[in-house]
Ligand SMILES: [Zn+2]
């Protein structure tokens, strides 16, 4: 992006809207990519047999008045520059969240709330960086971090400091209105994991945006009602997908599937923002 356009974009994102009650701004961050060589892992009815797909891994920065919140913390930094290769699934990271935050003048310590859609390693990978953040996640997913053996794809290490009680934790059951004004609401969508959440963000100008977490993974999977074979609970997965589709339809929301490489384009690419 040319420097002048970049400067104008950054400034436009950081200035408040005159007509809005609360300043609310949403940025989509690049939190990695996942090469899936066996796409059939995302259906328990053999829908995707023999197929491959490159998935995105996105996370989100929100500013509510002067409070900064992160929704999901991406793949771990150990995967920076990793090759996307031969295993059934492999993951890589091009840039860190901290590096992207720097571009909008935000330090990792400025993040006051770290919301995690669920406990999988590709959603909490860089969490430890956010040393001043209150962790907000589903109670069942937080509890699962301490189980032995750990559930599939769960890596508790980035959340160590919160598990030891050194940083504040707020666990959720049911829906949770994050700022108490209805503008940012965590929606309980169990199934992928027992404590999975999606995030409804009601932006003053853009309108409602629904961030899927992993309750839905990519467009064709959601449309087919496909349940990944590694999900915790099939019936709840189906119910949660139905709930999100109904909400998206009723509210006319932009339904952003966080792993869908095309679907994430419903929001502008960083450093541009949605207000
Ligand atoms: Zn997941």
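The range 116-192 and the range 61-90 have Cα centres spaced 14 Å apart.
Over the C-alpha trace of the chain, radius of gyration and Dmax come out as 17.7, 53 angstrom. Against the chain, whose longest principal axis is taken from its Cα atoms, helix 3-14 shows a tilt of about 90°.
Between residue 175 and residue 246, what length in nm is gained on full extension when 0.36 nm per residue of separation is reduced by their alpha carbon distance?
On the way: separation 71, 0.36 × 71 = 25.56 nm, distance 1.58 nm.
That pair, residue 175 and residue 246, stretches by 24.0 nm at full extension.
Full extension of the chain between residue 152 and residue 80 yields a length gain of 23.7 nm, computed as 0.36 nm times the residue separation minus the alpha carbon distance.
Largest mean-square fluctuation among 165, 138, 32, in a Gaussian network model of the chain whose springs join Cα atoms under 10 Å apart, belongs to 165. Estimated from helices alone, the mean residue ellipticity of the chain at 222 nm is -5500 deg cm²/dmol (sum of -39500 (n - 2.57) over DSSP H runs with n ≥ 4, per residue).
Each label was represented as a point 7 Å from its Cα along the Cα-to-Cβ direction; for residue 23 and residue 229 these points are 5.0 nm apart. Using the alpha-carbon atoms, what tilt in degrees (0 to 90, nearest 10) does helix 234-251 show relative to the longest principal axis of the chain? Once rounded, the angle reads 30 degrees.
Give the shape of the range 154-198 as rounded, prolate or oblate, defined through the alpha-carbon gyration tensor: a ≥ b ≥ c are the square roots of its eigenvalues, a/c under 1.5 means rounded, and otherwise the shape is prolate if a/b is larger than b/c and oblate if not. Since a/c reaches 1.5 but b/c is at least a/b, the shape of the range 154-198 is classed as oblate.
To make sure I understand, if each residue's beta carbon is the centre and we count other beta carbons within 10 Å, what order do 217, 97, 5, 247 fall in, fewest to most? Let's see the in-between values first.
On the way: 217 25, 97 28, 5 10, 247 17.
Lowest count first: 5, 247, 217, 97.
What shape does the range 37-101 have by the C-alpha gyration tensor, where a ≥ b ≥ c are the square roots of the eigenvalues, rounded means a/c under 1.5, and otherwise prolate means a/b greater than b/c and oblate the rest? It is oblate, given that a/c is not under 1.5 and a/b is not larger than b/c. Across 186, 163, 241, mean-square fluctuation computed from a Gaussian network of the chain (C-alpha pairs under 10 Å connected) peaks at 163. Based on Cα contacts under 8 Å between residues 6+ apart, the range 3-266 shows a relative contact order of 16 percent. Note on residue 238 and residue 49: the model spin-label points, each 7 Å out from Cα along the C-beta direction, lie 2.1 nm apart.
Going by how many other Cβ atoms sit within 10 Å of their own, how do 42, 152 line up, fewest first?
Working: 42 24, 152 10.
Ranked by crowding around the Cβ, least crowded first: 152, 42.
Within the listed set 43, 58, 196, the residue fluctuating most in the Gaussian network model of the chain (springs between alpha-carbon atoms under 10 angstrom) is 43.
Most simply put, the chain has about 70% antiparallel DSSP beta bridges, counting only bridges with both residues inside it.
Since every read-out is calculated from the coordinates, none of them should be taken as a lab result. Just so you know, these numbers come straight off a predicted model, no measurement behind them. Here Cβ is always computed from backbone atoms with ideal geometry, including for glycine, and neighbour counts include all displayed protein chains.
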